[in-house]
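Only one structure is covered here, and it is reproduced in the block below.
The values are calculated or read from the model by the stated rules, or taken from the named source; none is laboratory data. Values in this document were obtained by computation on a predicted structure and should not be read as measured data. Every residue, glycine among them, receives a Cβ derived from its backbone with ideal geometry; neighbour counts consider all protein chains shown. When the accessible area is computed, the model is the full protein with side chains, heavy atoms only, and any ligands, DNA or RNA have been set aside. Shrake-Rupley method; radii C 1.70, N 1.55, O 1.52, S 1.80 Å.
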Amino acid sequence: MAEESSVAAKGFEKVAGTLEKLVDNRMLVLWAAFILYFDIWLIATNIDMAALSIDSAIIRIKALNMRTIVSFIAIFSVLMCLVFPALRYVYTTLLLHYGNFRYSNSNRTPDQQKMSNWAAGTVGFGIWDLFSGAFSQTGNYSGYLLYVAAQLEKNSLATTILALGFTFFIFFCLAAALEREY
C-alpha cells in the first residue's frame, strides 16, 4: 500500500510540475506570440479557421510541403531570437543615453530578459495581426484579434471577464516589453 501511495504522489508531483511549467508567464507569452504569428500566416494565406473542420485542417497540414513548414518555424525563430531582442536592445540603449536614469533594473536575470524580449514579440505580432486583419480584403479571414474584438462588444458577464483578462495581459506584455535592461 505504501508503494502505491508513493507512486501516486510521484505521479501527482509530475503532473503538478508540468502544469506549473505550462502556466509559467514566460511560456504563456511565448505561446501567445506563436499563436499571433500563426494567425498572421493564416491571414496572409486566407485560411479561415472558423470554416475548417478538424479533418479538413489535418488534410491541409498534410498537404503542406516541408519548405513551408521549415520557413514558418525559421522565420518565427529569427524574429523571436534576433529581431525583437535587437529592437529591445536599441530601445534600452536609447533610454540609457537619453532616458531618465532613476528607473534602472540592473539586477535582471536572463529569464527576465527573455520574458521582456518575448513580450516585445507578442506586442509586435499583436500589432501586425491587427493591421493585417484590418487591411485584408472584405470577405477574407481577418484574424483572431479582430474576431475577439467583435466578440468583446457583446454585453455579458463572460465577455466582461474576458475583456478584463485580455486587457491585463496586454498591459502585462507592454510593461514587460518596455522594461529597462540597465
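Charged side chains reduced to their Cβ positions (Lys and Arg at +1, Asp and Glu at -1) give segment 39-182 a dipole of some 300 debye around its Cα centre. For the listed peptides 140-153, 160-173, a ranking on the average number of other beta carbons within 10 Å per residue, highest first, reads 140-153, 160-173. Annotation: residue 154 carries an accessible surface of approximately 110 Å², with a 1.4 Å probe and no ligand, DNA or RNA atoms counted. The listed peptides 111-119, 46-54, 85-93, ordered by packing as a protection proxy, come out as 111-119, 85-93, 46-54 (highest mean of other Cβ atoms within 10 Å first). In terms of packing, defined here as the mean over residues of other Cβ atoms within 10 angstrom, the peptides 27-37, 63-73 line up highest first as 27-37, 63-73. Which of rounded, prolate, oblate describes segment 55-167, given a ≥ b ≥ c as roots of the alpha-carbon gyration tensor eigenvalues and a/c under 1.5 marking rounded, otherwise prolate only if a/b is larger than b/c? Cα axes put segment 55-167 in the oblate bin.
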